[in-house]
1. Within the stretch 1-45, restricting attention to residues that are among the basic types (Lys, Arg), closer than 19 Å to ARG83 by Cα and loosely packed, with under 14 Cβ neighbours inside 10 Å, which residue is modelled with the highest pLDDT?
2. If ALA82 satisfies every condition in (1) over 26 Å from GLU26 (Cα atoms); (2) in a loop (DSSP other than H, G, I, E, B) but one, which is the exception?
3. Which members of the stretch 46-74 meet the condition of being at pLDDT 75 or above, surrounded by fewer than 12 Cβ atoms within 10 Å (Cβ to Cβ) and in a helix (DSSP H, G or I)?
4. Of all residues being among the aliphatic types (A, V, I, L, M), more than 15 Å from the chain's Cα centre (by Cα) and not in a loop (DSSP other than H, G, I, E, B) in the stretch 110-135, which is farthest from TYR72 (Cα to Cα)? Just the residue, please.
5. Counting only residues that are aromatic (Phe, Trp, Tyr) and outside any strand (DSSP E or B), how many does the stretch 85-109 have?
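The values are calculated or read from the model by the stated rules, or taken from the named source; none is laboratory data. A quick note: this is a predicted structure, and the numbers were derived from the prediction, not measured. Note that each Cβ is placed from the backbone with ideal geometry, even for glycine, and that neighbours are counted across all protein chains shown.
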Amino acid sequence: MNESCNIRPLPRTAAEWFAARHGPREADLEPRFADWLREDPKNADEYALCELTWALAGDAASSLIVDAPVTYGVSGGGVYDARTGGLLGLVEGFTTARLTAQGSSAGWYVDVPVPGQTLVTPLSEVRQFLADIERADLLPR
């Protein structure tokens, strides 16, 4: 029998562990994280610095920007991790640039999407919102 095995390498740095713990969850992630913390006293300090940086970033950390082309009508669509297939968040919108017609006395313009400026609401915020309105049952566990 030829079974394929999808084993992801363990995170090695505090930043990699932070990303792993704030992304799609693996069942055995927390015990492996605890082992990593015990390996070296510096690991806990470095991880705490990641958490502090995230907390101090405030609003800047609450939205993601991805380099993905989108157009009108895709708001609310999923944004997925290409490596794992895990849901990262939902398309919130995109930034636009206003193009105006030269010499147009009527103020004619068109707003066009800016490539690489797709705004994404992280899955953690979606989960929190659904919990706040008592509809957490809408997401798989």
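1. Among residues in the stretch 1-45 that are among the basic types (Lys, Arg), closer than 19 Å to ARG83 by Cα and loosely packed, with under 14 Cβ neighbours inside 10 Å, the one modelled with the highest pLDDT is ARG12.
2. (1)
3. Within the stretch 46-74, ALA48, LEU52 qualify.
4. Selected residue: ALA131.
5. At the first step, the residues of the stretch 85-109 found to be aromatic (Phe, Trp, Tyr) are 94, 108-109.
Pick out the ones that are also outside any strand (DSSP E or B) and you get 108.
Total satisfying the criteria: 1.
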